[in-house]
Amino acid sequence: MDINEEALELSRVPLFSRLDTSKLKLIAFTSERVILKDGEYLFYIDEPSDSVYLILAGILQVMAERKDKEAEVMVNLGKNKLIGEMGVIGNAPRSASIRSSGTSSVLRIEADTFMELLSENSSMSLHVMRELTDKLNKSHAQAVQFKEQVHDE
């Protein structure tokens, strides 16, 4: 796929839909497509947050790591979902491990490129803030549910 085709494909992703062609070509040129096999990890908890990932195809699982227990699937994420932005924005290590369920394809965007895009594009920043808010709301609901389960035991 050439850079123009990749830019066109990126323009169909809600996160990038309002970016001009030159920014889309920059993303296409500087990013890397990564193919994951079933059960393969994209990254692990506590690793450095050096990039964000956009799911192009497949399902990625957010894994809960617990001492003395096998990792559990917390949530499944599909096409056009962004992963790793919290660590990049907060300059913090990965807060969870991510693994593929089946074959998946993701776009790896370097942290510097992502932060530059956010600082220069208010519509993209707003989209990311909305996704982060949604993730925080879901995490809060899961924490409340977990607390209720522990209390009932």
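Output the residue which, of all residues in segment 93-136 that are under 18 Å from LEU15 (Cα atoms) and among the hydroxyl-bearing types (Ser, Thr, Tyr), is modelled with the highest pLDDT.
SER105
Within 30 Å of LEU19 (Cα to Cα), assigned to a helix (DSSP H, G or I) and touching a Leu at 6+ places or on another chain (Cβ under 7 Å): is that true of SER119 in this structure? So that I can check it myself, show each step before the final result.
Details: within 30 Å of LEU19 (Cα to Cα): yes; assigned to a helix (DSSP H, G or I): yes; touching a Leu at 6+ places or on another chain (Cβ under 7 Å): no.
For SER119, the condition - within 30 Å of LEU19 (Cα to Cα), assigned to a helix (DSSP H, G or I) and touching a Leu at 6+ places or on another chain (Cβ under 7 Å) - is not met.
Please go through segment 110-153 and give me each residue that is touching a residue at least 12 places away in the same chain (Cβ under 8 Å), under 15 Å from LYS81 (Cα atoms) and touching a helix residue (DSSP H, G or I) at 6+ places or on another chain (Cβ under 7 Å), ordered by number.
If the condition is that a residue be touching a residue at least 12 places away in the same chain (Cβ under 8 Å), under 15 Å from LYS81 (Cα atoms) and touching a helix residue (DSSP H, G or I) at 6+ places or on another chain (Cβ under 7 Å), then PHE114, MET124, HIS127, VAL128, LEU132 are the ones that fit.
Could you tell me how many of the residues in segment 1-54 are in contact (Cβ under 8 Å) with a residue 24 or more places away in the chain, under 21 Å from GLU120 (Cβ atoms), of a type in the set (Val, Ile, Thr) and outside any strand (DSSP E or B)?
Within segment 1-54, residues that are in contact (Cβ under 8 Å) with a residue 24 or more places away in the chain, under 21 Å from GLU120 (Cβ atoms), of a type in the set (Val, Ile, Thr) and outside any strand (DSSP E or B) number 4.
Please go through segment 13-53 and give me each residue that is of a type in the set (D, E, K, R) and more than 17 Å from GLU131 (Cβ to Cβ), ordered by number.
Residues of segment 13-53 that are of a type in the set (D, E, K, R), as a first pass: 18, 20, 23, 25, 32-33, 37-38, 40, 46-47, 50.
Listed by number, the residues that qualify are ASP20, LYS23, LYS25, GLU32, ARG33, LYS37, ASP38, GLU40, ASP46, GLU47, ASP50.
With respect to VAL144, determine if the residue is of a type in the set (A, V, I, L, M), surrounded by 14 or more Cβ atoms within 10 Å (Cβ to Cβ) and either assigned to a helix (DSSP H, G or I) or out of contact with any Cys (no Cβ under 9 Å at 6 or more places or on another chain) (or both). Show your work before the answer.
Values: of a type in the set (A, V, I, L, M): yes; surrounded by 14 or more Cβ atoms within 10 Å (Cβ to Cβ): no; either assigned to a helix (DSSP H, G or I) or out of contact with any Cys (no Cβ under 9 Å at 6 or more places or on another chain) (or both): yes.
It is false that VAL144 is of a type in the set (A, V, I, L, M), surrounded by 14 or more Cβ atoms within 10 Å (Cβ to Cβ) and either assigned to a helix (DSSP H, G or I) or out of contact with any Cys (no Cβ under 9 Å at 6 or more places or on another chain) (or both).
Here's the yes/no breakdown for (1) farther than 19 Å from LEU19 by Cα; (2) in a strand (DSSP E or B); (3) touching an Asp or Glu at 6+ places or on another chain (Cβ under 6 Å):
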site: VAL73; (1), (2), (3): yes, yes, no
site: LEU107; (1), (2), (3): no, yes, no
site: PHE114; (1), (2), (3): no, no, no
site: LYS135; (1), (2), (3): yes, no, no
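Cβ-Cβ distance below 7 Å, separation of 6 or more or different chains: which pairs start in segment 76-93 with a residue that is surrounded by 13 or more Cβ atoms within 10 Å (Cβ to Cβ) and end on one that is among the aromatic types (Phe, Trp, Tyr)?
If the second residue must be among the aromatic types (Phe, Trp, Tyr), the pairs left are ILE83/TYR53; GLY84/TYR53; VAL88/PHE114.
Name every residue in segment 76-92 that is modelled with pLDDT of 90 or more and in a loop (DSSP other than H, G, I, E, B), in order of residue number.
Those that are modelled with pLDDT of 90 or more and in a loop (DSSP other than H, G, I, E, B): GLY78, LYS79, GLY84, ASN91, ALA92.
Would you check if GLU40 is surrounded by 16 or more Cβ atoms within 10 Å (Cβ to Cβ), more than 13 Å from THR113 (Cβ to Cβ) and among the acidic types (Asp, Glu)? Talk me through it step by step, then tell me what you get.
Details: surrounded by 16 or more Cβ atoms within 10 Å (Cβ to Cβ): no; more than 13 Å from THR113 (Cβ to Cβ): yes; among the acidic types (Asp, Glu): yes.
Spelling it out, it is not the case that GLU40 is surrounded by 16 or more Cβ atoms within 10 Å (Cβ to Cβ), more than 13 Å from THR113 (Cβ to Cβ) and among the acidic types (Asp, Glu).
Quick one: would you say ASP20 is surrounded by fewer than 21 Cβ atoms within 10 Å (Cβ to Cβ), at pLDDT below 90 and either at positive phi or out of contact with any helix residue (DSSP H, G or I) (no Cβ under 8 Å at 6 or more places or on another chain) (or both)?
Working: surrounded by fewer than 21 Cβ atoms within 10 Å (Cβ to Cβ): yes; at pLDDT below 90: yes; either at positive phi or out of contact with any helix residue (DSSP H, G or I) (no Cβ under 8 Å at 6 or more places or on another chain) (or both): yes.
Answer is yes for this residue.
The values are calculated or read from the model by the stated rules, or taken from the named source; none is laboratory data. From a predicted model like this one, the values you see are computed outputs, not experimental measurements. Reconstructed Cβ throughout: ideal geometry from the backbone, glycine too, with neighbour counts over all protein chains shown.
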